[in-house]
Amino acid sequence: MRTGDHLEIAGLTAGYDGHGVLNVDRLTVARGEFLSVLGPSGCGKTTLLNTLAGFVRPDSGTIRLAGADLTGVPPHRRGLGLVFQNYALFPHLSVADNVAYGLKVRRVPKAERAQRVEEALRLVDLAGYANRRPRQLSGGQQQRVAVARALAIRPELVLLDEPLSNLDAKLRREMRIELRALQQRLGITMVFVTHDQEEALSLSDRIAVMNAGRVEQVGTPETVYRAPATRFVAEFLGAANVLDGVAADGVLTVGEVRIPWRGSASGALTVAVRPERIRLGAAAGWPRATVRLRSFLGDGWQLELEPAGGPHLTARAEHAPEVGSVVTVSWEDDDVIVLG
(Lines give C-alpha, C1' and ligand atoms only; values in the text may rest on other atoms or scores of the structure.)
Protein backbone atom coordinates (compact mmCIF):
# COMPACT_ATOMS: atom_id res chain seq x y z
CA MET A 1 0.00 0.00 0.00
CA ARG A 2 1.33 3.42 -0.93
CA THR A 3 1.92 5.56 2.14
CA GLY A 4 3.42 8.68 0.54
CA ASP A 5 6.19 9.31 -1.94
CA HIS A 6 9.58 8.30 -0.58
CA LEU A 7 11.53 8.54 -3.84
CA GLU A 8 10.60 11.23 -6.38
CA ILE A 9 12.08 11.49 -9.86
CA ALA A 10 11.12 14.47 -12.02
CA GLY A 11 12.24 15.52 -15.50
CA LEU A 12 15.24 13.20 -15.36
CA THR A 13 17.36 12.97 -18.50
CA ALA A 14 20.78 11.37 -18.94
CA GLY A 15 22.99 9.97 -21.65
CA TYR A 16 26.49 9.08 -22.76
CA ASP A 17 28.78 11.03 -25.11
CA GLY A 18 26.01 13.37 -26.12
CA HIS A 19 23.52 10.61 -26.89
CA GLY A 20 20.34 10.70 -24.84
CA VAL A 21 19.49 7.42 -23.11
CA LEU A 22 17.07 8.36 -20.35
CA ASN A 23 14.03 10.62 -20.38
CA VAL A 24 11.79 10.04 -17.35
CA ASP A 25 9.15 12.70 -16.92
CA ARG A 26 7.97 11.56 -13.48
CA LEU A 27 8.32 8.44 -11.37
CA THR A 28 7.60 8.06 -7.66
CA VAL A 29 8.07 5.23 -5.20
CA ALA A 30 6.19 5.04 -1.92
CA ARG A 31 7.91 4.38 1.37
CA GLY A 32 8.25 0.63 1.87
CA GLU A 33 7.26 -0.10 -1.72
CA PHE A 34 8.87 -2.66 -4.01
CA LEU A 35 9.05 -1.17 -7.51
CA SER A 36 10.40 -3.22 -10.39
CA VAL A 37 11.77 -1.43 -13.46
CA LEU A 38 11.13 -3.81 -16.32
CA GLY A 39 12.19 -3.62 -19.93
CA PRO A 40 14.34 -5.13 -22.69
CA SER A 41 18.09 -4.68 -22.99
CA GLY A 42 19.01 -1.14 -23.96
CA CYS A 43 15.78 0.46 -22.74
CA GLY A 44 17.54 2.62 -20.13
CA LYS A 45 16.62 0.77 -16.95
CA THR A 46 20.21 0.26 -15.77
CA THR A 47 21.05 3.87 -16.65
CA LEU A 48 18.13 4.91 -14.46
CA LEU A 49 19.48 2.84 -11.59
CA ASN A 50 23.00 4.21 -12.05
CA THR A 51 21.62 7.75 -12.08
CA LEU A 52 19.76 7.11 -8.83
CA ALA A 53 22.95 5.70 -7.32
CA GLY A 54 24.95 8.74 -8.42
CA PHE A 55 27.25 6.94 -10.88
CA VAL A 56 25.72 8.75 -13.87
CA ARG A 57 25.29 12.52 -13.71
CA PRO A 58 21.88 13.56 -15.07
CA ASP A 59 21.66 16.19 -17.79
CA SER A 60 18.54 17.61 -16.16
CA GLY A 61 15.91 16.82 -13.57
CA THR A 62 15.82 16.02 -9.86
CA ILE A 63 16.01 13.01 -7.57
CA ARG A 64 14.57 13.39 -4.07
CA LEU A 65 14.62 10.78 -1.31
CA ALA A 66 12.63 11.36 1.88
CA GLY A 67 12.37 15.01 0.91
CA ALA A 68 16.12 15.52 0.43
CA ASP A 69 17.54 16.45 -2.97
CA LEU A 70 20.09 13.79 -3.97
CA THR A 71 20.66 15.01 -7.51
CA GLY A 72 24.12 16.46 -6.86
CA VAL A 73 25.10 14.25 -3.92
CA PRO A 74 28.08 11.92 -4.60
CA PRO A 75 27.39 8.16 -4.47
CA HIS A 76 29.15 7.50 -1.16
CA ARG A 77 27.02 10.10 0.61
CA ARG A 78 23.63 8.87 -0.58
CA GLY A 79 23.43 6.06 1.98
CA LEU A 80 21.84 3.61 -0.43
CA GLY A 81 22.03 -0.17 -0.51
CA LEU A 82 23.43 -1.20 -3.90
CA VAL A 83 23.42 -4.59 -5.59
CA PHE A 84 24.70 -4.66 -9.15
CA GLN A 85 25.49 -7.44 -11.58
CA ASN A 86 29.24 -7.13 -10.92
CA TYR A 87 29.62 -8.39 -7.41
CA ALA A 88 32.19 -5.81 -6.17
CA LEU A 89 33.30 -8.01 -3.27
CA PHE A 90 36.57 -7.46 -1.43
CA PRO A 91 38.70 -10.50 -2.33
CA HIS A 92 40.88 -10.28 0.80
CA LEU A 93 37.91 -10.27 3.21
CA SER A 94 35.83 -13.22 4.34
CA VAL A 95 32.19 -13.51 3.39
CA ALA A 96 31.15 -12.33 6.86
CA ASP A 97 33.50 -9.33 6.69
CA ASN A 98 32.22 -8.42 3.23
CA VAL A 99 28.66 -8.43 4.54
CA ALA A 100 29.70 -6.49 7.62
CA TYR A 101 31.65 -3.82 5.73
CA GLY A 102 28.83 -1.31 5.46
CA LEU A 103 27.88 -1.89 9.08
CA LYS A 104 31.46 -1.15 10.22
CA VAL A 105 31.51 2.08 8.23
CA ARG A 106 28.26 3.06 9.97
CA ARG A 107 29.75 2.09 13.34
CA VAL A 108 27.04 -0.40 14.19
CA PRO A 109 27.87 -2.07 17.56
CA LYS A 110 29.71 -5.36 17.27
CA ALA A 111 26.96 -7.54 18.74
CA GLU A 112 24.28 -6.09 16.49
CA ARG A 113 26.66 -6.28 13.54
CA ALA A 114 27.19 -10.00 14.09
CA GLN A 115 23.44 -10.55 14.38
CA ARG A 116 22.72 -8.70 11.13
CA VAL A 117 25.48 -10.54 9.28
CA GLU A 118 24.11 -13.88 10.47
CA GLU A 119 20.57 -12.90 9.45
CA ALA A 120 21.66 -11.71 6.01
CA LEU A 121 23.70 -14.84 5.30
CA ARG A 122 20.82 -17.03 6.42
CA LEU A 123 18.54 -15.14 4.04
CA VAL A 124 20.69 -15.97 1.03
CA ASP A 125 21.32 -19.56 2.17
CA LEU A 126 25.01 -19.01 2.93
CA ALA A 127 25.00 -19.50 6.70
CA GLY A 128 27.88 -22.00 6.51
CA TYR A 129 30.07 -19.83 4.30
CA ALA A 130 30.91 -16.97 6.67
CA ASN A 131 34.65 -17.71 6.82
CA ARG A 132 35.24 -18.34 3.12
CA ARG A 133 36.82 -15.91 0.68
CA PRO A 134 35.00 -14.75 -2.47
CA ARG A 135 37.38 -16.76 -4.68
CA GLN A 136 36.12 -19.93 -2.98
CA LEU A 137 32.55 -19.21 -4.10
CA SER A 138 30.72 -19.73 -7.34
CA GLY A 139 29.43 -16.73 -9.28
CA GLY A 140 25.93 -17.28 -7.96
CA GLN A 141 27.19 -17.49 -4.39
CA GLN A 142 29.15 -14.27 -4.81
CA GLN A 143 26.02 -12.51 -6.04
CA ARG A 144 24.16 -13.71 -2.96
CA VAL A 145 26.87 -12.25 -0.74
CA ALA A 146 26.40 -8.93 -2.53
CA VAL A 147 22.66 -9.09 -1.85
CA ALA A 148 23.30 -9.88 1.81
CA ARG A 149 25.72 -6.97 2.15
CA ALA A 150 23.20 -4.47 0.78
CA LEU A 151 20.37 -5.72 2.97
CA ALA A 152 22.45 -5.92 6.15
CA ILE A 153 22.71 -2.12 6.48
CA ARG A 154 18.91 -1.77 6.21
CA PRO A 155 19.02 1.47 4.25
CA GLU A 156 15.98 3.54 3.37
CA LEU A 157 16.40 2.63 -0.29
CA VAL A 158 17.96 -0.41 -1.94
CA LEU A 159 18.79 -0.42 -5.65
CA LEU A 160 19.09 -3.84 -7.27
CA ASP A 161 20.27 -4.47 -10.83
CA GLU A 162 19.21 -8.04 -11.73
CA PRO A 163 20.70 -9.44 -8.50
CA LEU A 164 19.25 -12.93 -9.02
CA SER A 165 20.51 -13.38 -12.57
CA ASN A 166 23.36 -15.77 -11.65
CA LEU A 167 21.29 -18.12 -9.51
CA ASP A 168 19.91 -21.45 -10.65
CA ALA A 169 16.16 -21.67 -11.24
CA LYS A 170 15.26 -23.31 -7.92
CA LEU A 171 17.32 -20.95 -5.78
CA ARG A 172 16.11 -17.99 -7.81
CA ARG A 173 12.50 -18.82 -6.95
CA GLU A 174 13.38 -19.30 -3.28
CA MET A 175 15.31 -16.03 -3.19
CA ARG A 176 12.33 -14.14 -4.63
CA ILE A 177 10.20 -15.28 -1.74
CA GLU A 178 12.86 -14.58 0.87
CA LEU A 179 13.81 -11.22 -0.59
CA ARG A 180 10.19 -10.09 -0.72
CA ALA A 181 9.52 -11.36 2.82
CA LEU A 182 12.53 -9.51 4.22
CA GLN A 183 11.64 -6.32 2.34
CA GLN A 184 8.13 -6.36 3.76
CA ARG A 185 9.27 -7.23 7.27
CA LEU A 186 11.81 -4.41 7.38
CA GLY A 187 9.75 -1.93 5.36
CA ILE A 188 12.65 -1.16 3.03
CA THR A 189 11.94 0.76 -0.17
CA MET A 190 13.37 -1.17 -3.13
CA VAL A 191 13.89 -0.37 -6.80
CA PHE A 192 14.61 -3.59 -8.66
CA VAL A 193 15.79 -3.63 -12.28
CA THR A 194 15.07 -6.74 -14.33
CA HIS A 195 14.23 -7.97 -17.80
CA ASP A 196 12.57 -11.07 -16.30
CA GLN A 197 8.80 -10.69 -16.45
CA GLU A 198 8.12 -13.46 -13.95
CA GLU A 199 10.42 -11.83 -11.41
CA ALA A 200 8.74 -8.46 -11.83
CA LEU A 201 5.22 -9.89 -11.60
CA SER A 202 5.93 -12.04 -8.53
CA LEU A 203 8.00 -9.55 -6.51
CA SER A 204 6.52 -6.13 -7.08
CA ASP A 205 3.98 -3.81 -5.55
CA ARG A 206 4.17 -1.90 -8.83
CA ILE A 207 6.02 -2.25 -12.12
CA ALA A 208 7.44 0.52 -14.29
CA VAL A 209 7.75 -0.72 -17.86
CA MET A 210 10.45 1.10 -19.81
CA ASN A 211 10.98 1.46 -23.55
CA ALA A 212 13.60 3.59 -25.33
CA GLY A 213 14.47 5.52 -22.18
CA ARG A 214 10.90 6.39 -21.25
CA VAL A 215 8.43 4.92 -18.79
CA GLU A 216 5.58 3.49 -20.85
CA GLN A 217 3.36 2.46 -17.94
CA VAL A 218 3.43 2.22 -14.16
CA GLY A 219 0.95 0.11 -12.24
CA THR A 220 0.38 -2.98 -10.15
CA PRO A 221 1.47 -6.27 -11.72
CA GLU A 222 -2.17 -7.14 -12.39
CA THR A 223 -2.85 -3.77 -14.01
CA VAL A 224 0.10 -3.75 -16.39
CA TYR A 225 -0.61 -7.37 -17.35
CA ARG A 226 -4.38 -7.22 -17.72
CA ALA A 227 -4.68 -3.61 -18.90
CA PRO A 228 -1.51 -2.66 -20.79
CA ALA A 229 -1.53 1.00 -21.80
CA THR A 230 0.39 0.57 -25.05
CA ARG A 231 1.13 -2.00 -27.70
CA PHE A 232 4.71 -2.26 -26.48
CA VAL A 233 3.63 -3.14 -22.93
CA ALA A 234 1.14 -5.71 -24.23
CA GLU A 235 3.72 -7.43 -26.43
CA PHE A 236 6.62 -7.26 -24.00
CA LEU A 237 4.76 -8.35 -20.88
CA GLY A 238 3.26 -11.76 -21.46
CA ALA A 239 3.78 -12.06 -25.22
CA ALA A 240 0.24 -11.03 -26.13
CA ASN A 241 -1.31 -11.72 -29.52
CA VAL A 242 -1.74 -8.22 -30.95
CA LEU A 243 -4.30 -8.00 -33.76
CA ASP A 244 -4.85 -5.05 -36.09
CA GLY A 245 -8.32 -5.14 -37.61
CA VAL A 246 -11.56 -3.38 -38.41
CA ALA A 247 -14.67 -3.79 -36.24
CA ALA A 248 -18.13 -3.44 -37.77
CA ASP A 249 -21.51 -5.17 -37.49
CA GLY A 250 -20.43 -7.53 -34.72
CA VAL A 251 -17.33 -8.74 -36.53
CA LEU A 252 -13.64 -7.92 -36.12
CA THR A 253 -11.91 -8.54 -39.44
CA VAL A 254 -8.19 -9.23 -39.21
CA GLY A 255 -6.72 -9.92 -42.62
CA GLU A 256 -9.09 -12.50 -44.06
CA VAL A 257 -10.18 -13.79 -40.67
CA ARG A 258 -13.57 -12.82 -39.23
CA ILE A 259 -13.84 -12.89 -35.44
CA PRO A 260 -17.01 -12.31 -33.40
CA TRP A 261 -16.90 -8.81 -31.87
CA ARG A 262 -19.15 -7.59 -29.06
CA GLY A 263 -17.15 -4.56 -28.03
CA SER A 264 -18.52 -1.04 -28.20
CA ALA A 265 -15.65 0.31 -30.33
CA SER A 266 -15.86 0.22 -34.12
CA GLY A 267 -13.65 1.05 -37.08
CA ALA A 268 -9.90 0.43 -37.16
CA LEU A 269 -8.83 -1.27 -33.93
CA THR A 270 -5.79 -2.81 -32.31
CA VAL A 271 -6.62 -5.46 -29.72
CA ALA A 272 -4.61 -7.97 -27.74
CA VAL A 273 -5.41 -11.43 -26.37
CA ARG A 274 -3.11 -13.25 -23.95
CA PRO A 275 -2.00 -16.76 -25.04
CA GLU A 276 -3.53 -18.41 -21.97
CA ARG A 277 -6.95 -16.88 -22.76
CA ILE A 278 -7.23 -18.52 -26.19
CA ARG A 279 -9.50 -21.56 -26.10
CA LEU A 280 -9.41 -24.55 -28.37
CA GLY A 281 -12.58 -26.45 -29.22
CA ALA A 282 -16.01 -26.16 -30.77
CA ALA A 283 -17.24 -22.55 -30.93
CA ALA A 284 -19.74 -21.50 -33.57
CA GLY A 285 -18.70 -18.59 -35.75
CA TRP A 286 -15.07 -18.59 -34.66
CA PRO A 287 -12.11 -19.13 -37.02
CA ARG A 288 -10.16 -22.31 -37.43
CA ALA A 289 -6.39 -22.58 -37.34
CA THR A 290 -3.69 -25.16 -38.04
CA VAL A 291 -1.28 -26.19 -35.30
CA ARG A 292 2.17 -25.45 -36.70
CA LEU A 293 4.29 -26.00 -33.60
CA ARG A 294 3.86 -27.18 -30.05
CA SER A 295 6.32 -26.93 -27.16
CA PHE A 296 6.01 -28.59 -23.77
CA LEU A 297 6.59 -26.13 -20.90
CA GLY A 298 6.14 -28.41 -17.91
CA ASP A 299 2.81 -27.04 -16.69
CA GLY A 300 1.27 -27.11 -20.16
CA TRP A 301 1.91 -26.59 -23.85
CA GLN A 302 2.64 -23.57 -25.99
CA LEU A 303 1.08 -23.73 -29.44
CA GLU A 304 1.78 -21.74 -32.58
CA LEU A 305 -1.42 -21.52 -34.59
CA GLU A 306 -1.95 -20.36 -38.18
CA PRO A 307 -5.45 -19.29 -39.22
CA ALA A 308 -5.99 -19.24 -42.98
CA GLY A 309 -5.47 -15.67 -44.19
CA GLY A 310 -4.76 -14.29 -40.73
CA PRO A 311 -1.87 -13.58 -38.37
CA HIS A 312 -0.19 -16.34 -36.40
CA LEU A 313 -1.46 -16.83 -32.84
CA THR A 314 0.29 -18.15 -29.75
CA ALA A 315 -1.82 -20.15 -27.29
CA ARG A 316 -1.28 -22.00 -24.01
CA ALA A 317 -3.12 -25.23 -23.30
CA GLU A 318 -3.05 -28.02 -20.75
CA HIS A 319 -3.40 -30.63 -23.49
CA ALA A 320 -2.01 -30.11 -26.98
CA PRO A 321 -3.38 -31.37 -30.30
CA GLU A 322 -0.90 -32.85 -32.75
CA VAL A 323 1.05 -30.67 -35.15
CA GLY A 324 -0.97 -30.36 -38.35
CA SER A 325 -4.31 -30.57 -36.55
CA VAL A 326 -6.98 -28.02 -37.35
CA VAL A 327 -8.66 -26.49 -34.30
CA THR A 328 -11.23 -23.80 -33.60
CA VAL A 329 -9.87 -20.84 -31.64
CA SER A 330 -12.02 -18.55 -29.48
CA TRP A 331 -11.95 -16.33 -26.40
CA GLU A 332 -14.32 -14.56 -24.04
CA ASP A 333 -15.24 -10.90 -24.44
CA ASP A 334 -13.47 -10.03 -21.19
CA ASP A 335 -10.25 -11.51 -22.54
CA VAL A 336 -9.87 -8.81 -25.19
CA ILE A 337 -7.61 -5.85 -24.40
CA VAL A 338 -8.40 -2.84 -26.60
CA LEU A 339 -5.19 -0.91 -27.31
CA GLY A 340 -6.54 1.66 -29.75
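Mean separation of Cα pairs under 8 Å and 6 or more residues apart, divided by the residue count, gives the chain a relative contact order of 15 percent. P(r) tail, region 153-283: Cα-Cα pairs separated by more than 23 Å, 48% of all pairs.
In summary, the lysines within cross-link reach of Lys45, defined as a Cα separation below 27 angstrom excluding same-chain residues under 8 places away, comprise Lys170. Once the Cα atoms are used to define both axes, helix 169-186 deviates from the longest principal axis of the chain by about 60 degrees.
Run the numbers for Ala268 and Asp299: contour at 0.36 nm per residue of separation, minus the present Cα-Cα distance, in nm.
7.5 nm
Relative protection proxy for 140-151, 51-62, 326-337, 30-41, from highest mean packing down: 140-151, 30-41, 51-62, 326-337 (other beta-carbon atoms within 10 angstrom). Residue by residue, region 131-141 carries 3J(HN,Hα) couplings of 9, 7, 9, x, 5, 8, 10, 6, x, x, 5 Hz when phi is fed to the Karplus relation 6.51 cos²θ - 1.76 cosθ + 1.60 (θ = phi - 60°); x denotes Gly or Pro.
Once both labels are positioned 7 Å from their Cα atoms along Cα-to-Cβ, the gap between Val73 and Arg106 label points is 1.3 nm. In terms of Cα atoms, the Rg and Dmax of region 1-158 work out to 17.1, 50 Å. Surface composition of the chain: carbon plus sulfur atoms hold 47% of the accessible area, using a 1.4 angstrom probe and ignoring ligands, DNA and RNA. The overall shape of region 212-309, judged from the alpha-carbon gyration tensor, is oblate: a/c is not under 1.5, and a/b is no greater than b/c.
Looking at the chain, the pairs of alpha carbons with a distance over 25 Å make up 60% of the total. Extending 7 Å from Cα along the Cβ direction at Asp196 and again at Arg226 yields two label points whose distance is 2.5 nm. Between the Cα long axis of helix 95-105 and the first principal axis of the chain there is an angle of about 70°, rounded to the nearest 10.
Shape analysis of region 269-320 places it in the prolate category; the axes a ≥ b ≥ c from the Cα gyration tensor give an a/c of at least 1.5, with a/b above b/c.
With N as its number of residues, region 162-229 has a Cα radius of gyration that, divided by 2.2 N^0.38 Å, comes to 1.16. For region 69-192, the normalised intensity computed at q = 0.09, 0.10, 0.14, 0.18 Å⁻¹ comes to -0.22, -0.28, -0.56, -0.94 (log10 of I(q)/I(0), Debye sum over alpha carbons, equal scatterers, no solvent). Percent of C-alpha pairs per 10 Å bin in region 47-108, short distances first: 18, 43, 29, 9, 0.
The C-alpha atoms of the chain define a longest principal axis, and helix 110-123 lies at about 20 degrees to it. By the Kirkwood approach, averaging reciprocal distances over each pair of separate Cα atoms, region 1-87 gets a hydrodynamic radius of 13.6 Å.
Enter the Cα centre distance for the pair region 186-253 and region 259-320, rounded to the nearest angstrom. Each part reduced to its Cα centre gives a spacing of 20 Å.
The values are calculated or read from the model by the stated rules, or taken from the named source; none is laboratory data. Nothing here was measured: the structure is a model prediction, and the numbers come from that model. As a convention, Cβ positions derive from the backbone with ideal geometry for all residues, glycine included, and neighbour counts pool all protein chains shown. Ligands, DNA and RNA are excluded from the accessible area calculation, which covers all protein heavy atoms including side chains. Shrake-Rupley method; radii C 1.70, N 1.55, O 1.52, S 1.80 Å.
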